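These notes concern the structure reproduced below.
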Amino acid sequence: MKNQVYRIAIMPGDGIGHEVMAACLPVLEAAMAKVAGRPLQFDTHHVGADVYQQTGSDIPATAWAAAEAADAMLFGAAGDPNVRYPDGREIAPQLDLREHFQLFAGVRPLRLLPGARSPLADPRAADIDLVLIREQTEGLFSARGIDDSNAQQATDVMTITRAGAERLFDFGFGLARRRKAAGKPGRLTCVDKANVLASMAYFRAIFDDRAVAHPDITADHVYVDAAALHLVRAPWEYDVMVTENMFGDILSDLGAGLIGGMGMAPSADIGPHHGLFQPSHGTAPDIVGQDKANPTAMFLSAALMLDWLADRHDDAAARQAAGVINSAVDQAYATADLLPYEHGGSHGTAEIRDQVLQQIDSLQLAP
């Protein structure tokens, strides 16, 4: 779509969410200017623990309206361990946004960047390039906010519906197909606990049903405990993995550790009509204001946003701008020997931003 100006609802959140977002916006603008010469329209709204303390609401009405009207949502990080709802849960506006907009597919790309460091000593770690897809509207998280506890016990219920599982699996098969077209294996692995839980046996049965409609994609299964083992032993053997909400929450953090930490792990929350994009890390209150936050995952999340917009609007320029960000991040790590604080180095938020901006400026676009 030519000359499309996208409206982006910017939600920095709390803590280092503000710092990584401030670093990201000039990277986004530079990438779009590089390929299209057109701006993005940013509409900033405050959500999270700070605004909850001030107003009693973690997502003000104006932020809800902006999210509804926006072409995409770009989110930093929200929450504060010292600020909680009356029931004791931490402030988590991103979960409310997921539920309201039915952002059912939590896409967690796990790729080791050139020059970045993995805790795995095996040289094959350089080949880590997989995607974990986490269902985000049901599963064990569907019990959130339902309190059946008493002095003697507490119970949370896992919910799996056919409609929810089918749309998740179809999304996964579609992503595996796009990756196959780009030279990846074209394999979708269902992660479950079907040997113990009836809900997970149901989940696997629906996966097998949907696999019949996607014969061009290799479909297989792994129990979640075995998946945790295999991800540490040989993560390069996986392509796309799809799983329930809680299992995905846990495995995505494990996967982030394999590629250097949460500051390297982007995410996309995709629904039928809306998309929210954010780094996988938290608000890190212990390093706020010290220029120690790693903005890399924020940059890569912005690239995911541009790719998603490109798909929705058939916009080649947005896709090219996403490629510019990804290439610039790769080159910054490959050539500048970047070592963020979370890796034991001394490259902070501003330095990483500047290195990526320099790479965008010097990048030669294909004619």
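Each reported figure results from applying straightforward, stated rules to the coordinates on display, with no laboratory input. Being a predicted model, the structure only gives us computed values, none of them experimental. Because the Cβ atoms are built from the backbone with ideal geometry, glycine has one as well, and the counts that use them run over all protein chains shown.
Determine the gain in length on full extension of the stretch Asp122-Val196; use 0.36 nm per residue of separation and subtract their C-alpha separation, reporting nm with one decimal.
In short, 23.3 nm is gained.
Of the residues Met73, Met11, Met246, which exhibits the maximal mean-square fluctuation in a Gaussian network model of the chain defined by a 10 Å Cα contact cut-off?
Comparing Met73, Met11, Met246 in the GNM, the peak value goes to Met246.
Quote the FRET efficiency, to the nearest 0.05, computed for Arg38 versus Ala154 with a Förster distance R0 of 56 Å and r equal to the Cβ-Cβ distance.
Given R0 = 56 Å and the Cβ-Cβ separation, E is 0.60.
Could you calculate the FRET efficiency of Asp286 with Asp220 from 1/(1 + (r/R0)^6), where r is the beta carbon distance between them and R0 is 35 Å, rounded to 0.05?
FRET efficiency, Asp286 to Asp220: 0.30.
Starting from the alpha-carbon convex hull of the chain, give the projected area averaged over all orientations, in nm².
So the Cα hull casts an average projection of 18.8 nm².
Name the most mobile residue of Leu254, Leu103, Leu130, meaning the one with the largest mean-square fluctuation, in a Gaussian network model of the chain with Cα contacts below 10 Å.
Leu254
To the nearest 0.05, what FRET efficiency results for Thr161 and Asp337 with a Förster distance of 56 Å applied to their C-beta separation?
Once the sixth-power term is evaluated, E becomes 0.70.
So how far apart, in nm, are the two label points at Ala92 and Val232 if each is 7 Å from Cα heading toward Cβ?
Taking the simple label geometry, Ala92 and Val232 are separated by 2.4 nm.
Which of the aspartates and glutamates could be linked to Lys180 by a straight reach, that is with a Cα gap under 14 Å, when you skip same-chain ones fewer than 8 residues away?
Counting by Cα, and skipping residues close in sequence, Lys180 has these aspartates and glutamates nearby: Asp129, Asp216, Asp239.
Just how far, in whole angstrom, is segment 9-59 from segment 325-367 if you go by their alpha carbon centroids?
20
Would you be so kind as to identify all helices of the chain, as entire DSSP H runs, whose Cα atoms reach 15 Å or more along the helix's own axis and whose mean Kyte-Doolittle hydropathy is at least 0.0?
Correct list, ordered by number: 16-35, 198-211, 245-258, 296-313, 316-335.
Working out 0.36 nm times the residue gap between Ala65 and Ala213, then minus their Cα-Cα distance, what length gain in nm do you get to one decimal?
Extending this stretch completely gives an extra 49.5 nm.
Where Lys and Arg each count +1 and Asp and Glu each count -1, what net charge lies around Ser252 among other residues with Cβ under 9 Å from its Cβ?
It works out to a net charge of 0.
What's the long-distance tail for segment 119-258, i.e. % of Cα pairs beyond 28 Å?
20
Can you tell me which of Pro39, Pro340, Pro12 moves the most in a GNM of the chain? Springs connect C-alpha atoms under 10 Å apart.
Pro39
For all pairs of alpha-carbon atoms in segment 1-155, what percent lies in each bin of width 5 Å, listed from the first bin to the last filled one?
2, 7, 12, 14, 17, 16, 13, 9, 6, 2, 1, 0, 0
Hey, what number do you get for the chain at 222 nm if only DSSP H runs of n ≥ 4 count, each worth -39500 (n - 2.57), divided across all residues, to the nearest 500?
Dividing the helical sum by the residues of the chain leaves -13500 deg cm²/dmol.
Using modelled amide H (1.01 Å from N, peptide plane; none on Pro or chain starts), what sits under 5 Å from the amide H of Val47, excluding residues fewer than 5 places away?
Gly13
Can you give the % of DSSP beta bridges in the chain that are antiparallel, to the nearest 5?
The antiparallel fraction comes to roughly 40 percent.
So how far apart, in nm, are the two label points at His313 and Arg7 if each is 7 Å from Cα heading toward Cβ?
Result for the modelled spin labels: 1.2 nm.
Ranked highest first by the average count of other Cβ atoms within 10 Å around their residues, in what order do 22-30, 286-294, 261-269 fall?
Descending packing order for the listed peptides: 261-269, 22-30, 286-294.
If the reach is capped at under 17 angstrom between alpha carbons, list the aspartates and glutamates near Lys292, excluding any in the same chain fewer than eight residues apart.
Within reach: Asp14, Glu19, Asp337, Glu342, Glu351, Asp354.
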